[in-house]
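What follows is a set of notes on a single structure, which appears directly below.
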Ligand SMILES: *Cc1c(COP(=O)(O)O)cnc(C)c1O
């Protein structure tokens, strides 16, 4: 018998989640600390973080819980959501996610942990999937060029408004919105229009454009097709009239309806926008879903967001890449016309695959069935004496029940169905892919009508207008015909995933992007029906679990950041920026300071900052960056002085965009406040601060965070994201709110910034779980290990490459910049060459040429273990030796493994006439030959594709040979 006793409470704890999330264990941390020259994590961060910003005390968060405990808590939250059948409509519909897509895309880390496809050679799979998405949107809308997703339908419509103003002939005048537009879309447009001085007029355009409006000038018109009421109208006359007035016409359209109806392009529209949610993406209480925009060819170069195009690689083979990257905000900055950066890639992939799986006939069959249910439903109501308002509709009928709307909605709810009370006298009912006969029976009963599907079917006519039936073929490309069996679909998804490098293969050390672990436990609840199947406008009483989760997450993020109030509505960092700046704007105006419109932004800032400021109606004044990478304090003080009376806000990134803890940030904030300005701290890089410092305490008035960076929401190949905005109390009255969900924000708010009340609510369980699993101490340790990792890499690479900027004690924050410019100058080897060569070594490149051209910014995060950090350092050191060989002339500048990188399998078969061996080409650095990642294409020629813009699936013959 042994005398030992290990307390049960210790055994019960199991392996803490923290030890799963944080890569380096205690022994590895000790080694890394020794390399960096510190005895402990606390000593390291005490030296790295300036005293002026350090927060006192531990985070006031609940203790860490085990994965099993957190899953149980999530389960009980899920149980507090009541999933009724939603027939609310309004742009959100029930849909069946094909299980093969649910499991192999949405729940598959090969897809959800990928980064935005800026490195096209390792992103061919998702680029092809996005090209499919673009083809679906372009074909169904009848407009030739579609982007690779926008954030939601409301913001897509708002982007269309800005595009119309920019490209149209009419420069003044109003933006005219038809009264039958989704109410949340109208509200998002109004939020966006006001600061830029655009007047939005909502009017009934069903009988044409009223003459008094035509006389005022109209630069753009927005029509909904089918209308929010369900009505399907022939839009041709109003589009024609709008064109006579010189206006650009946008049609917000429902893609499922477009499988049967004449597409907007054919009706004459210039732009089509909408959401692809009902193409297999769960409603998720509002998101995330992929919004879309398609345009006439002549506007292709003005499309907001990302556009995937076809180009060629170094061997002349077809390859995909993001087209026209010059439009990215990083280059256009305050001249950018949209601030969108992170979009909705994962959801766009799902929607595209839904179309691949069903094909055009399958989609049309779903649409026909949906329509048929609506028609029979309406016929039954009519026969029972109810008044159905429109004769032509697709999936939605509006029923007039004078004074009884609330009563009918309640009666339906008792039968398990949510309907939409449009007003006291009208009820809206939407059918969708999931509608059944039982649902019709429930609705009839709620109206007090007796009807029978069997009896009605033979006598009910369709309610689509004859003149608008679609006659052309669409989705004719083979990809929409070849993957109908689940086996074929499974293999297609696998084939594409295999072309890509995501976090499930190795490290993605992208500075400013925080590619950390997206833990399975955090991901699991996202696809539970209790979180996935809720309509965003369902009564809050049915969303008890969500509301609790949202409130707790908001409160915990407030605690982490030191702010007083958080709104989770913005569905990307860029949108959080806009929301924050709109709050600042509203605050100044409430104080009578309407002249305060200057926004100071350091030249090194992320491109979205300047673009957001312009969208918030501000004037951007750029502040210089000093040689040490910090904000040039002298220039800043001069600019504050110069613009003292008009100063609205300073937008700074902390730690700086260069990955450094700037010493004098508190002084900078004080100087701005002194001048009557507000301080916006871009908190996308919060991974260096959590548990160590709170922007809301060291001088910030407002920040946005990126939950898809610091708080574990996966990047999804370029979205989804969540960009909460956090403010101090004086700005809280100006946070976003929502017209259809009063509890989502303050009544005094600036209006909605996203279409849904809580933005991408469906992925909030991820961040909630992360905070719950780590607890305050674990979150702090994660930050410390992230800082340790960056400093470890900086120390290891320093003898080989100059590390550009350091802060206190010669330390960096959570990322470090290695400077390749001197080497490029000496040898001709470019930062591009190094980035592509890293692919041969089995890595995703770090962030390239941001914030400084010719450099690489490396962010390891806390999740990479020491073995992976070392593998990366060794690859970089080996590459340095390769550069040396080019420098000494051993390898010619034009023919060496760097210049020729990446090497595909095909490139090392056949004749070989290079001054380096095939082994040196594809197995450098002693990597495992069995586990090698083979890039599917050679280096992609971006310029070629931009000259020959092809943005939908190319014809089949281009696939051959
Ligand atoms: C990522 C990032 C943003 C933009 O966030 P999105 O979600 O891509 O819109 C803004 N600022 C900084 C510093 C960032 O790193």
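A quick yes/no check of all residues on (1) crowded, with 24+ Cβ neighbours inside 10 Å; (2) within 14 Å of the ligand (Cβ to nearest atom); (3) more than 22 Å from residue 814 (Cβ to Cβ):
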position	(1), (2), (3)
671	no, no, yes
687	yes, yes, no
691	no, no, no
698	no, no, no
Check your understanding: Does the stretch 631-651 include one or more residues that are modelled with pLDDT under 95, within 16 Å of the ligand (Cβ to nearest atom) and under 29 Å from the mean Cα position of the chain (by Cα)?
Key -> yes
Practice item. Consider only pairs whose beta carbons are under 7 Å apart and that are at least six residues apart or on different chains; among these, list those whose first residue lies in the stretch 52-75 and is within 24 Å of residue 766 (Cβ to Cβ) and whose second residue is at pLDDT below 95. Key: 64/16; 66/13; 66/14
Practice item. For the stretch 339-354, state whether one or more residues are away from the ligand (no atom under 16 Å from the Cβ), in a helix (DSSP H, G or I) and surrounded by fewer than 23 Cβ atoms within 10 Å (Cβ to Cβ). Key: no
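Let's see how each residue does on (1) surrounded by fewer than 21 Cβ atoms within 10 Å (Cβ to Cβ); (2) under 26 Å from residue 496 (Cα atoms):
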residue: 876; (1), (2): no, no
residue: 890; (1), (2): yes, no
residue: 894; (1), (2): yes, no
residue: 909; (1), (2): yes, yes
residue: 915; (1), (2): yes, no
residue: 923; (1), (2): yes, yes
residue: 927; (1), (2): yes, yes
residue: 934; (1), (2): yes, yes
Review point. For residue 746, which of the numbered conditions (1) within 16 Å of the ligand (Cβ to nearest atom); (2) closer than 21 Å to residue 583 by Cα fails to hold?
Key: (1)
Review point. Which one of these does residue 555 not meet: (1) under 30 Å from residue 377 (Cα atoms); (2) within 26 Å of the chain's Cα centre (by Cα); (3) surrounded by fewer than 18 Cβ atoms within 10 Å (Cβ to Cβ)?
Key: (1)
Check your understanding: Among the residues of the stretch 591-618 satisfying the criterion of being surrounded by fewer than 22 Cβ atoms within 10 Å (Cβ to Cβ), in contact (Cβ under 8 Å) with a residue 24 or more places away in the chain and more than 16 Å from the ligand (Cβ to nearest atom), which is farthest from residue 196 (Cα to Cα)?
Key -> 593
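Condition check ((1) more than 21 Å from residue 712 (Cβ to Cβ); (2) at pLDDT 95 or above) across all residues:
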{"position": "53", "(1), (2)": "yes, no"}
{"position": "64", "(1), (2)": "no, yes"}
{"position": "81", "(1), (2)": "yes, yes"}
{"position": "89", "(1), (2)": "yes, yes"}
{"position": "96", "(1), (2)": "yes, yes"}
{"position": "101", "(1), (2)": "yes, yes"}
{"position": "105", "(1), (2)": "no, yes"}
{"position": "126", "(1), (2)": "no, yes"}
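Every residue, every condition in (1) in the same structural domain as residue 544 (by TED's automatic domain parsing); (2) surrounded by fewer than 24 Cβ atoms within 10 Å (Cβ to Cβ); (3) at pLDDT below 95; (4) within 20 Å of residue 555 (Cα to Cα), yes or no:
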residue: 755; (1), (2), (3), (4): yes, no, no, no
residue: 765; (1), (2), (3), (4): yes, no, no, yes
residue: 777; (1), (2), (3), (4): no, yes, no, yes
residue: 785; (1), (2), (3), (4): no, no, no, no
residue: 790; (1), (2), (3), (4): no, no, no, no
residue: 793; (1), (2), (3), (4): no, no, no, no
residue: 798; (1), (2), (3), (4): no, yes, no, no
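Considering every residue within the stretch 171-190, establish whether at least one is outside any helix (DSSP H, G or I) and on the phi > 0 side of the Ramachandran plot.
Step one: list which residues in the stretch 171-190 are outside any helix (DSSP H, G or I), which gives 171-182.
Applying the additional criterion that residues be on the phi > 0 side of the Ramachandran plot yields 173.
Within the stretch 171-190, one or more residues are outside any helix (DSSP H, G or I) and on the phi > 0 side of the Ramachandran plot.
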Practice item. Would you point out which residue out of 531, 480 is crowded, with 20+ Cβ neighbours inside 10 Å, within 30 Å of residue 738 (Cβ to Cβ) and modelled with pLDDT of 95 or more? Key: 531
Check your understanding: For the stretch 709-726, does any single residue satisfy the condition of being without any contact (Cβ under 8 Å) to a residue 60 or more places away in the chain and either buried (at least 24 other Cβ atoms within 10 Å of the Cβ) or under 21 Å from residue 548 (Cα atoms) (or both)?
Key -> no
Review point. Residue check, residue 773 against (1) surrounded by fewer than 24 Cβ atoms within 10 Å (Cβ to Cβ); (2) not in a loop (DSSP other than H, G, I, E, B), all met but one. Which one?
Key: (1)
Review point. Quick check: is even one residue across the stretch 88-100 part of a loop (DSSP other than H, G, I, E, B), on the phi < 0 side of the Ramachandran plot and surrounded by fewer than 17 Cβ atoms within 10 Å (Cβ to Cβ)?
Key: yes
Check your understanding: Restricting attention to the stretch 393-405, which residues are more than 11 Å from residue 447 (Cα to Cα) and within 38 Å of the chain's Cα centre (by Cα)?
Key -> 393, 394, 395, 396, 397, 398
Check your understanding: Do we find that residue 449 is touching a residue at least 60 places away in the same chain (Cβ under 8 Å) and either over 14 Å from residue 84 (Cβ atoms) or surrounded by 16 or more Cβ atoms within 10 Å (Cβ to Cβ) (or both) in this structure?
Key -> yes
Exercise for review: Quick one: count up the residues across the stretch 573-590 that are surrounded by fewer than 24 Cβ atoms within 10 Å (Cβ to Cβ) and touching a strand residue (DSSP E or B) at 6+ places or on another chain (Cβ under 8 Å).
Suggested key: 2
Check your understanding: Among the residues of the stretch 708-727, which ones are in contact with a strand residue (DSSP E or B) (Cβ under 7 Å, 6 or more places away or on another chain) and within 10 Å of the ligand (Cβ to nearest atom)?
Key -> 723
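The values are calculated or read from the model by the stated rules, or taken from the named source; none is laboratory data. Since the structure is predicted, the reported quantities are computational estimates derived from the model, not experimental observations. With ideal geometry, Cβ positions are generated from the backbone for all residues, glycine too; neighbour counts draw on all protein chains shown.
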